[in-house]
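Contents: one structure, followed by commentary.
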């Protein structure tokens, strides 16, 4: 860690909200508490869960990407040994269960049905579940599912969103004859057209933001149990949002929320994917209720690839206007966002969010963005780490680089000329940036990377590799929405902290305990953090969108302050001193002007619940906060990448990767750095390796790790992390989110560096992923 | 139900706290929700719980009541097939686990050690656990436990508390050479001595309040699991007080409360017994932590009899002074309370509470009570339904009857002359009765029973049976302490209500839902009540001492009112109307003077948690209340019994049983009546059948249902329930507890009736239980 603002992490962190003592844990790189169990195998993941009489569910899925179902013959499956049940849509239709995953139709141009848990009369993507088999063993279930015979009448498929909009394209829904689910506009079209017409130069690019498939270490899974006595469903689930899943299961299953408990145990990575409601958990619940045995469903890696929600997949045309002096005049963007065959939750409207970050760090006076969400015969698309922000930032940062090349100026210099310097700043697409020091961030990143020296290098190294350097700035909207946080002191003085967020790598058990230790003034080790049980925690929103530290962190901080003040009031009563005279230091209350007696926090907790609380004291020592983040906090940063590109093999060597990120106050700098590094690795994955590829008939060609290439550790360079700290004024902790920064910054930074390297060959742009094959083709084409 | 105050149960109930509508559910005899699952076998009791790899724990118990342990040979047990572990105290001593059940030593004359989970060097009662065996099967565990060889050096035992106080008695603890654990005094000795000396008459009785053994349908049981990843213990347990058990397990096991989750599933009767911490659950937890497998312990019926906490067991001498005109002048009581060999929780100090109800319904100007808690070589004694109140009321009501006989006046008339008529009333033993109409209660009970006619009957019927009629008044202290209640509206408008109490027959799922439906103004069916999970519920106190409706009921009522007001505020915002203009009726908010729009409660709930709560609204729609009942509420009543006693067989036939009880407002009159009927049945059990009998060597002779006689349904007469309703001023609902009334009133009422029947034979008193043998002996002795 080289950031001087963090060199003494306790120096400026958290004083405002801290108990009387000056030392704070917020700002310290405390070791993650959660790691021991994860590293020793003691953690319990959903598929580790066992129950007596546990049955296993698996799906018979559609081979065809688009077809009418004529018949589903389950006879052979039903007669397989160990099979308890085989379900088709007919079974759901005959039940009280609605059986359709709910979608938000807000803002849509059509009214498509939701995703049925099992296909009704038609399938629309390869891998869509048609039948569900439940057996006493997972392999028997698989064998029986393979014995389900589907008779289907094929329809032509379409997988590309621009082709899907063409006149003759196959149609997925009668209601959307052009396959467009939703169209949204942001910004002022006329002002933007005028600005581009007036600009001294315009640059235009066609950009593809490649379709990605979330590859968490742990595939999705669920275990459902029905308690007939309590009329109550418990679903243990790989979830980023237990309450969110509870609400969606409530709709899919037709049960009141009060009758459902969702528990998220250890979750092996989410990336958005595990915030979405998929057929698997709903089918397991349906079967558990029907059969009165616990039912487990676990996706295989292949099923996760085939039928889990995918991410990204934008086809974009963008034009940037810039004057001779480098002033950016306007940006026009038109994008077709592939949303796959079905909506999940709010996914059909999701592409509409994307435009709001097209400004990146720049004062662009006119922006217009038209976004179309287009149905295709592909797996559903939903939010994936970054969720619109990487797509938008890629457009902005590629075009600024293109403009720099057009003008012949240093791309850093062009950025500097246009950076926003005053805050709050409202962008042309309606985002209000809360705070920042973009210029400092840019300069420090360039300094750290040795930008000038990198720019001065020869075009090629001694091995003939083309040398390049690129950068990308970014702004990330973080947080948002409501979150609950409970701080509950027990009679023995230990404290349970809970929040509606759910950690699946983010380290909340550590960071929330740091926050509460400071705010409540009790020992860090006395604080236990619990998430992931919808029964034990008030309504929550969940962990996604870089929101947990802002929303959950502030919620628990506010509750901790409330508990501290209640404890102070109780202590005053116990010490028989006025509250104003009570001091609180190192977990002990005293009133030195009134009494030599003291009361430890645990004494106060015991008294708070004691039989016969003294007069003048209310019992209880806990607080619940529903924190609402009204204003978005905008994280920002600059990533600099230097590369060497082998023109013969197309191999790209990332020589250095410098990431400067400013997420306001850092509760735990080590965890922040881990988030950045993980995000950068994933961003490098998008930039260089990953792409979901469909054949024209709608078959997924990248349905395993043999074909879908996630970066391995040796593909990821050492990431040099730098920081500035510009506290956010939007919340008391002064924090901003950081979970997605790396995935936003890395793709354009890497592509900019590679395009810089290849500039001597006259190559303007190479689309992601920059595989060896694709780079070599670009070189070959350029040389021809 | 014949009570005119309840004839229209909705007429006067709950108006104060109700949503704008006038109809209330409070006061209705709504069918119990919990019964369907109980009657169909769908309910899950602790012993129904299964987990993969579940192991079974059982104890090797001491045969001797008092002995020094020389050696414990576990070799044979360890080599039994399927045995996973055999533990003795040495294993606990070698661990980090304290392994001693905590006791409160407050107010004791000595400082005895707590009850070790497994015996250390000495055993002090028959059945004390010496070794614990864990095996893969419960029968193998039993066989192995039987193979544990204990070499012990016997000591003389003492089982009677008065004998234990004698000079030459064996001593249980060096620290208590006279075996007295605690001595407590209530009232003014001198004033009482003077009053008795001045009184025209005194009557004295030696009374035995027989030792009882709680006989819940379900014996005690526990299932413990240790999560090594989370470092967290979960104990599923037959508990009346999940948080209470959590705290006690925390001490016994040396774990922070934040690391323990206690879950009470369906519990088949408690009666105090399941509020106490026994070795079984601690041993199961110890084994689960040690072996890393789930461990179940279930007491057999015999073990419950032998080594579960027993109840009552007072030996009392009492003297009442009364003037010629019937005015009671004073009451002196000296009682020796057997507390068994070890304290559990606060049991050693418990007898000290007993004296506070010695006044019954009478204005007795001087009372003195000296209570001694005495160790004996018997099972620990702890609170059992009534917990001191039945013992005290038995003394008062037997002596008033004795005085009536001495004066030759109608025992009802003597009571009437002395009844307290003004409230609040402070008794000579420091109780402050909150409210009542004792005279009306007495009169209505007498009327209902036809007292005058019963008194006018001849001494004997045509079969030669002696006819008698008796009555007992009572006052019951109810409620007390802190209780939590949460009302949580979910986004779909359904509501989860939870409280720190735990229902095991009391019907909270029904009554709390009635209360919340009224207070919150939502549909009864939308309200789900959850108890029994220490993770899901703020710190609670539990269900015992007739406290749940007062404390938990008022806690959930207060939370419901808070949620209603929050919802009203939200609705005002949604309707864009001032809050004062918002009306709320039938679950719908409107502001007719401002808008034709309306918002259902569910709409408000959805908005409360929606993404981006409108400005001016705080998110969230739940409330937590810690209700503290500062003043005790005193339930009262009069029970009248008529009997026919066969002098040849000693058989007692209860011809009529009329119970008039006033517990303030009745949330659910049907459930109240059920509580009264159950309590009377148990009181008849004490009066007529039940007694734990120890041989002189400390062997329990009544260690099964063959010898310990609980009443069967044909032993319990039809109970005619009458009511008056005198709301309590101590709480907003106006309720008082009713859970223990029957066990308090029935024993003296029955004994008074039998003694009245036998009066022509010159019999003054027969001790409980009035078995045929004992009655016949009394008749025979009287005739000799």
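Laboratory data are not the source of any read-out in this text; all were calculated from the coordinates shown. Bear in mind that the values here come from a model prediction, so they are computed numbers and not experimental data. Note: ideal-geometry Cβ built from the backbone for every residue, glycine included; neighbour counts use all protein chains shown.
Observations, loosely collected:
- Annotation: the residues A:56, A:139, B:474, sorted from fewest to most other C-beta atoms within 10 Å of their own C-beta, follow the order A:139, A:56, B:474.
- Once C-alpha pairs closer than 8 Å and six or more residues apart are averaged by separation and normalised to the residue number of the range B:657-731, the relative contact order reads 55 percent.
- Measuring from the axis that maps chain B onto chain A, the chain B residue with the nearest beta carbon and its rounded distance in angstrom come out as B:536, 2.
- Alpha carbon Rg of the protein assembly as shown, scaled by the compact-globule rule 2.2 N^0.38 Å: 1.05
- Ellipticity estimate at 222 nm from DSSP helix runs (n ≥ 4, -39,500 (n - 2.57)) divided over chain B, nearest 500: -8000 deg cm²/dmol
- Inter-part distance where the range A:129-201 and the range B:284-363 are each reduced to a Cα centre, Å: 72
- Note: relative contact order over chain B, using C-alpha pairs below 8 Å and six or more positions apart, is 16 percent.
- Between the range A:708-755 and the range B:741-763, the Cα center-to-center distance that results, in Å: 84
- Two-decimal Rg/Rh across chain B, once Rg and the Kirkwood Rh are taken from alpha-carbon atoms: 1.00
- Beta bridges per DSSP with both ends in the protein assembly as shown, % antiparallel, nearest 5: 80
- In this assembly of identical copies, the label point of residue A:777 (Cα plus 7 Å along Cα-to-Cβ) is separated from its counterparts by 10.4 nm, sorted shortest first.
- Here residue B:104 yields copy-to-copy label distances, from shortest upward, of 5.2 nm, the label point defined as 7 Å from Cα along Cα to C-beta.
- Beta bridges by DSSP in chain B, antiparallel share as percent, to the nearest 5: 80
- Residues A:246, A:120, sorted so that the one with the fewest Cβ neighbours within 10 Å comes first: A:120, A:246
- Residue mean of other protein chain beta carbons inside 10 Å, A:218-230: 3
- Mean separation of Cα pairs under 8 Å and 6 or more residues apart, divided by the residue count, gives the range A:525-647 a relative contact order of 22 percent.
- Label point distance in nm, residue A:51-residue B:579, each placed 7 Å from Cα along Cα→Cβ: 4.3
- The share of C-alpha pairs in the range A:261-411 whose separation exceeds 27 Å stands at 40 percent.
- Across the identical copies, how the residue B:649 labels are spaced - nm, sorted shortest first, 7 Å along Cα→Cβ: 10.4
- Chain lengthening between residue A:363 and residue A:597 when straightened (0.36 nm per residue, less Cα-Cα): 78.2 nm
- Averaged over the residues of peptide A:618-628, the number of Cβ atoms from other protein chains lying within 10 Å of each residue's Cβ is 6.
- Distance between the range B:413-446 and the range B:36-94 - C-alpha centres, whole angstrom: 51
- Averaged over the residues of A:596-603, the number of partner chain Cβ atoms lying within 10 Å of the residue Cβ comes to 0.
- For the range A:481-628, the ratio of Cα radius of gyration to the globular rule of thumb 2.2 N^0.38 Å stands at 1.07.
- With both residues required to sit in the range A:481-628, DSSP beta bridges show an antiparallel share near 85%.
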